[in-house]
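The values are calculated or read from the model by the stated rules, or taken from the named source; none is laboratory data. Computed from a prediction, not measured in an experiment: that's the story for all the values here. Heads up, the Cβs are rebuilt from the backbone with ideal geometry, glycines too, and the neighbour counts pull from every protein chain shown.
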Amino acid sequence: MDLLFGYLLYERYLTWQITRSTTKTPAHVAIILKETDLLDIKGMEKLLSALLAFKKFKVELVSIYVDILKTDQLVKTELASTIGTLLEESFRDILSGTGYEIYGLEGEVKSSRQGRDFFVYVSLGFGGRGEITRAVLSLLEEVKAGHLKPEEVDEKMLESHLLVKHEPDIMIRSGGQKLSDFLVWQSVYSELYFTDINWKDVRKIDILRVIRDFQKRQRRYGK
């Protein structure tokens, strides 16, 4: 009982710190997960809880990368389909009014819905290197077709051909301190937040700590 009271008190304290801060909360948060995180009902519940917390504190966009580690392509495809269905059902039932796009292994849109003030991108195993490669090939096709001159291709042009066209303010990685193949181009100046605990053990206060930590940082944008 005392432990629960202490937890609730600390949660209120973190909420108070966030709301009184003169620094804005992040507009775009990226989360890196493994497929096992979302096949576990506890992990899925933690994701939905985190999304609701981000929405409450005025985060506008959350990008989620589900790293599907299996090597067999058929197994990967089946896992991506299963997780995509679970996410779609969860978004529909719990995140009312939230817009989303769910991408498959090849970067194709598997499911989408328009939203108002909160949007979620989900990439099911389609990483940043594949995203950049596809953008470059698309530009080459436009050059080949005569719609674009080679000298017209610049960073802005490439960015316009990426799936996610927004740069994350902060990227969250649970279960260790390592990066992943996600939003490789977009995250070059993002803040990084690592936690050693696995995703299914992440608590609401851990999500609040991410927001509070971001507010306390002085962003340098590579300088």
Within the range 64-79, identify whether any single residue is aromatic (Phe, Trp, Tyr) and without any contact (Cβ under 8 Å) to a residue 24 or more places away in the chain, and answer yes or no. no
Report whether or not Glu108 is surrounded by fewer than 15 Cβ atoms within 10 Å (Cβ to Cβ), acidic (Asp, Glu), closer than 18 Å to Val66 by Cβ and without any contact (Cβ under 8 Å) to a residue 24 or more places away in the chain. yes
Matching entry among Ser63, Ser81 (being over 14 Å from Asn198 (Cβ atoms), of a type in the set (S, T, N, Q) and modelled with pLDDT of 95 or more): Ser63
Do we have any residue at all in the range 210-219 that's closer than 26 Å to Leu33 by Cβ and outside any helix (DSSP H, G or I)? yes
Tell me which of these Ser111 doesn't satisfy, since it passes every other one: (1) under 17 Å from the mean Cα position of the chain (by Cα); (2) outside any strand (DSSP E or B). (2)
So in the range 80-105, with the set limited to residues that are free of Cβ contacts under 8 Å to residues at least 12 places away in the same chain and acidic (Asp, Glu), which one is nearest to Lys34 (Cα to Cα)? Glu89
Starting from residues that are in a loop (DSSP other than H, G, I, E, B) and not β-branched (Val, Ile, Thr), keep the ones in the range 30-68 and report whichever is nearest to Tyr100 (Cα to Cα). Glu60
Considering only residues of the range 160-201 that are more than 14 Å from Lys34 (Cα to Cα), touching a residue at least 60 places away in the same chain (Cβ under 8 Å) and hydrophobic (A, V, I, L, M, F, W, C), which is surrounded by the most Cβ atoms within 10 Å (Cβ to Cβ)? Leu183
Residue under question is Lys178, and the condition is that it be of a type outside the set (Asp, Glu) and under 27 Å from Val59 (Cα atoms); does it hold? yes
Within the range 137-159, which residues are charged (D, E, K, R) and either under 24 Å from Ile31 (Cβ atoms) or surrounded by 13 or more Cβ atoms within 10 Å (Cβ to Cβ) (or both)? Glu142, Glu159
Residue satisfying condition, being within 19 Å of Glu101 (Cβ to Cβ) and either in contact (Cβ under 8 Å) with a residue 40 or more places away in the chain or assigned to a helix (DSSP H, G or I) (or both), within set Val122, Val136: Val122
Step by step: first the residues of the range 192-209, then only those that are of a type outside the set (A, V, I, L, M, F, W, C) and either within 10 Å of Ile172 (Cβ to Cβ) or assigned to a helix (DSSP H, G or I) (or both), then the one that is modelled with the lowest pLDDT. Which residue is that? Thr195
Hits in the range 14-29 (condition: assigned to a helix (DSSP H, G or I) and surrounded by fewer than 17 Cβ atoms within 10 Å (Cβ to Cβ)): Trp16, Gln17, Thr19, Arg20
Just for the range 172-196: of the residues that are touching a Lys or Arg at 6+ places or on another chain (Cβ under 9 Å) and among the hydrophobic types (A, V, I, L, M, F, W, C), which one is farthest from Ser49 (Cα to Cα)? Val184
